[in-house]
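Structure first, commentary second.
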Amino acid sequence: MSGSTLGNPQNTIEILQKYQFTFQKKFGQNFLIDTHVLDKIIHAADITKEDMVLEIGPGIGTMTQYLAEAARKVIAVEIDKNLIPILSDTLSGYDNITIINEDVLRVDMRKLVEEENEGRPIKVVANLPYYITTPIIMGLFESQVSVESITVMVQKEVAGRMKAGPGNKDYGALSLAVQYYAEPYIVANVPPNCFMPRPRVGSAVIRLTRHEKPPVEVRNEKLLFDIIRASFNQRRKTLANGLNNSDKLNLPKEILTEVIESLGKGAGVRGEALTLEEFARLSNKIWEYADIL
Ligand code: SAM
């Protein structure tokens, strides 16, 4: 196997020129050109020769080379067909990489993991296309793909939202959804000059380690997430009003107020003050009225 070579900016430029590659903004293409950041990602992802890794958006294969050296097997899903001949070239020295030319949101991940890894948990590692960060991450969690951890580069502000708790201005539906499924850990902040072309926003590497089982027990997951979304839909409204305005819940305001008060909260409380555990209790109480919801 050849060593990783692309992390060096000069080699990236050479490849881009050789293939006269033009960046497509609509695909969120910002390629990593910093070997220290690449090393940090690989280290945080904690990959061993037992692991199958899914990479989303390999670009010209920079991180893919690092992953192939650390893992048993790498599956990389890339939407841009213009990158496929480049990947065949830059990854030609490796025999443990499969490239799939497809939109990652259209790939049946459960089937892929079942077929390629006999259903054993995989590790996801990526420098994500920022325009679809949330659907990718929530899709992986909700589709019950067997995933052990997700170590990804995301927009810095989004990493902050995933990690935030009650009382923090960034706390919201994404924080609760991510924390229901996983333990977030911010690995590093990454400035725009580590990418080509430079993104207009700051970036951060975040590792999400999947819980073996969610930290709270809920009687109906869908109801929990409907409640969370309704609570944050109108940030300046009270929790009772947010829930009352949701078309997913059909409970009279008096019952909503009663349920909220039974948590030991005042009627004027806002959703952003509730912990995941409190949302779970709220959702289990509302579930008692399932026959009239
Ligand atoms: N991994 C490379 C690196 O670090 O240099 C490239 C990262 S770049 C931020 C995002 C990559 O995701 C691009 O290669 C882009 O073409 C690809 N991409 C964008 N949308 C995608 C989608 N829906 N499915 C699969 N890949 C996608």
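The values are calculated or read from the model by the stated rules, or taken from the named source; none is laboratory data. Just so we're clear, the structure is a prediction, and the values are computed from it rather than from any experiment. Positions of Cβ are backbone-derived with ideal geometry, glycine not excepted, and every protein chain shown enters the neighbour counts.
Yes/no per residue for (1) of a type in the set (S, T, Y); (2) farther than 19 Å from T12 by Cα; (3) modelled with pLDDT of 95 or more:
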position	(1), (2), (3)
D51	no, yes, yes
L54	no, yes, yes
Q65	no, no, yes
K73	no, yes, yes
Y94	yes, no, yes
T98	yes, yes, yes
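Against the numbered list (1) under 20 Å from T5 (Cα atoms); (2) part of a strand (DSSP E or B); (3) within 7 Å of the ligand (Cβ to nearest atom), V74 comes up short only at (3). So which residues in the range 1-32 are at positive phi and either surrounded by 15 or more Cβ atoms within 10 Å (Cβ to Cβ) or touching a Ser or Thr at 6+ places or on another chain (Cβ under 9 Å) (or both), if there are any at all? Across the range 1-32, the qualifying residue is only G28. Would the range 278-287 turn up any residue that is β-branched (V, I, T), touching a helix residue (DSSP H, G or I) at 6+ places or on another chain (Cβ under 8 Å) and not in a loop (DSSP other than H, G, I, E, B)? Looking through the range 278-287, at least one residue is β-branched (V, I, T), touching a helix residue (DSSP H, G or I) at 6+ places or on another chain (Cβ under 8 Å) and not in a loop (DSSP other than H, G, I, E, B).
Conditions tested, residue by residue: (1) farther than 25 Å from G61 by Cβ; (2) not in a helix (DSSP H, G or I).
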| position | (1), (2) |
| --- | --- |
| S92 | no, yes |
| V154 | no, yes |
| E157 | yes, no |
| E183 | yes, yes |
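Being touching a Leu at 6+ places or on another chain (Cβ under 9 Å), away from the ligand (no atom under 12 Å from the Cβ), among the aliphatic types (A, V, I, L, M) and part of a helix (DSSP H, G or I) is true of A68. Say we look at the range 45-55 and pick out the residues that are surrounded by fewer than 18 Cβ atoms within 10 Å (Cβ to Cβ) and of a type outside the set (S, T, Y); which of these is nearest to Y131 (Cα to Cα)? Result: D46.
With the condition kept exactly as written, say whether any residue in the range 149-156 is more than 19 Å from H211 (Cβ to Cβ), modelled with pLDDT of 95 or more and out of contact with any helix residue (DSSP H, G or I) (no Cβ under 6 Å at 6 or more places or on another chain).
Restricting attention to the range 149-156, the residues satisfying the condition of being more than 19 Å from H211 (Cβ to Cβ) are 153-156.
Right, trim to modelled with pLDDT of 95 or more and you get 153-156.
Filter once more, keeping what is out of contact with any helix residue (DSSP H, G or I) (no Cβ under 6 Å at 6 or more places or on another chain): 153, 156.
Within the range 149-156 (the criterion being more than 19 Å from H211 (Cβ to Cβ), modelled with pLDDT of 95 or more and out of contact with any helix residue (DSSP H, G or I) (no Cβ under 6 Å at 6 or more places or on another chain)), the answer is yes, since at least one residue qualifies.
I'm trying to understand the selection: among the residues of the range 102-139, which are touching a Leu at 6+ places or on another chain (Cβ under 7 Å), within 15 Å of the ligand (Cβ to nearest atom) and not in a helix (DSSP H, G or I)? Passing the criteria: V124, V125, N127.
Residues being surrounded by 13 or more Cβ atoms within 10 Å (Cβ to Cβ), at pLDDT below 95, of a type outside the set (F, W, Y) and over 23 Å from G167 (Cα atoms) are represented in the range 257-279 by at least one member. Residue pairs whose Cβ atoms lie under 6 Å apart, sitting 6 or more positions apart in sequence or on different chains, and linking a residue in the range 115-135 that is over 19 Å from T64 (Cβ atoms) to a partner that is assigned to a loop (DSSP other than H, G, I, E, B) and more than 7 Å from the ligand (Cβ to nearest atom), are G119/S146; P121/S146.
Just one residue in the set S175, S231 is in a helix (DSSP H, G or I), under 24 Å from G139 (Cβ atoms), over 17 Å from the mean Cα position of the chain (by Cα) and among the polar types (S, T, N, Q); that residue is S231.
With hydrophobic (A, V, I, L, M, F, W, C), exposed (fewer than 15 other Cβ atoms within 10 Å of the Cβ) and outside the structural domain of E272 (by TED's automatic domain parsing) as the only criterion, which of V152, V158, V145, V201 stands out?
Details: V152 fails: exposed (fewer than 15 other Cβ atoms within 10 Å of the Cβ); V158 fails: exposed (fewer than 15 other Cβ atoms within 10 Å of the Cβ); V145 fails: exposed (fewer than 15 other Cβ atoms within 10 Å of the Cβ).
Step by step, each of V152, V158, V145, V201 is checked, and only V201 is hydrophobic (A, V, I, L, M, F, W, C), exposed (fewer than 15 other Cβ atoms within 10 Å of the Cβ) and outside the structural domain of E272 (by TED's automatic domain parsing).
The residues listed here are T35, T90, T62; of these, the one that is surrounded by 15 or more Cβ atoms within 10 Å (Cβ to Cβ), among the hydroxyl-bearing types (S, T, Y), under 22 Å from T151 (Cα atoms) and more than 10 Å from the ligand (Cβ to nearest atom) is T35.
For (1) part of a helix (DSSP H, G or I); (2) over 20 Å from the mean Cα position of the chain (by Cα); (3) crowded, with 17+ Cβ neighbours inside 10 Å, each residue gets a yes or a no:
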position	(1), (2), (3)
N193	yes, yes, no
V205	no, no, yes
P215	no, no, no
R219	no, yes, no
L223	yes, yes, yes
I227	yes, yes, yes
A240	yes, yes, yes
